[in-house]
Amino acid sequence: MSISSFLPPVRTLMGPGPSDVHPRILEALSRPTIGHLDPRFVEMMEELKSMLQYAFQTTNELTIAVSAPGSAGMETCFVNLLEAGDTAIVCQNGVFGGRMKENVERLGATAVMVEDEWGKTIDLNKVESALKAHPEAKVLAFVHAETSTGASSDARALCKLARKYDCLSIVDAVTSLGGTELRVDDWGIDAIYSGTQKCLSCTPGISPVSMNDKAVAAIKARKTPVQSWFLDLNLVMGYWGKNAKRAYHHTAPVNAMYSLHEALVMLQDEGLENSWQRHKANHLALRAGLEAMGLEFVVAEDHRLPQLNSVTIPDGVDDAEVRSRLLNEFNLEIGAGLGTLAGKVWRIGLMGHSSRAENVILCLAALEAVLGDKVNTGVALAAAQKQLSVER
Ligand SMILES: *Cc1c(COP(=O)(O)O)cnc(C)c1O
């Protein structure tokens, strides 16, 4: 047997994540591996923590990078804040709320579901009714930016409701962090998790997590041990905590941490608000082009995520064939629909480093080439250019 090196093709990633990784971040990955308890590594981790606090807009002491992807950040929040027998109110308006339910039930707690149609924002009135009907609930969990549909929900208002009914809020910010406004302290978010491969444009595999003092107090007040040894924050804090002795817990993915550090330096240099603004501007240009072609957005304008654009597939168009031609002929990846939207929509991501004017133009030109007379031709690029020039 003779297998040679794996040389991946160079793609443009405009799906639901991972997004394009900037060469600076890839270069950071290839720097020399050092020990995960090396004083220089520990210093780097301190910087990482303060840059994560900036990205989350928080002063939370418990702000860490969990050594596993976004799903592990989700699980970290649920397994630490809930015990068997507890109740959580879980909002679902797409795929990821369903995963939250799984997390709650697998640890022996009860999930009270508040469901909204896929593509819609979370209905605050329904959430308030559920909170009223379930005074025993300990947690209110919801997804800020639903990547499966492209809908955003009002995290500030939902956290306010959680506080009013004495619940801890768990917020999924995997797709929102770095891409749209998110203010952990101002909005009173108790526990939040994210991912590296969406709007931070870093390599996949790490999950930023932050919790405030109220959440930490709830973990300390647990009657039973956290059933996951790896994700037990009491143990993880021994590694990450202030003045912690940096006791060995697990070997941090050293080089992946360098890449997250680099991604956060880039975010800091651009400025968080500028990054939000860039995501918005490129979304508006893509939208102008897609609408000129005659494609329709799934989500109402008020709740549309700039970093994830869901559009309905025109009648008579073969979803899988279009996506595979984009990949094979243009090295361009866009996302398929999930769940109830499978086969009905495309999800076009403009996340992190993928959110660039040249990608907007490439995507529109490639779609036009592949869709031909199934859409209005010859108008999309001009519409996008016009929008981009307004912004410049
Ligand atoms: C991508 C995503 C996740 C899961 O992150 P992984 O890194 O794939 O584990 C969770 N929630 C949302 C909203 C996501 O978009």
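The values are calculated or read from the model by the stated rules, or taken from the named source; none is laboratory data. Predicted model, so just to flag it, every value in this text is computed and none were measured. Note: ideal-geometry Cβ built from the backbone for every residue, glycine included; neighbour counts use all protein chains shown. Note: accessible area is taken over every heavy atom of the protein model, side chains too, but ligands, DNA and RNA are not part of it. Shrake-Rupley method; radii C 1.70, N 1.55, O 1.52, S 1.80 Å.
The table below lists the values:
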item: Inter-part distance where segment 1-54 and segment 265-326 are each reduced to a Cα centre, Å; result: 26
item: Fraction of accessible area attributable to carbon and sulfur, the chain (%, probe 1.4 Å); result: 52
item: Chain lengthening between S129 and L7 when straightened (0.36 nm per residue, less Cα-Cα); result: 38.6 nm
item: Amide H contacts of L308 (H built 1.01 Å from N, under 5 Å, at least 5 apart or other chain); result: L350
item: Near-label residues of segment 285-316 by backbone N, under 19 Å of a point 7 Å along Cα→Cβ of T377; result: 289-295, 314-316
item: Efficiency of FRET from Cβ geometry, V390 and D213, R₀ 51 Å, rounded to 0.05; result: 0.70
item: Charge sum, other residues only, whose C-beta stays under 13 Å from T87's C-beta, Lys/Arg counted +1 and Asp/Glu -1; result: -3
item: Beta bridges by DSSP in the chain, antiparallel share as percent, to the nearest 5; result: 50
item: Å² per residue, accessible surface of the chain at 1.4 Å; result: 42
item: Hits among lysines - C-alpha to C-alpha of K280 under 20 Å, sequence gap 8 or more where chains match; result: K120, K198, K386
item: Over 30 Å between alpha carbons, listed pairs K49/K214; K49/K344; K132/K344; K101/K214; K49/K126; result: K49/K344; K132/K344; K49/K126
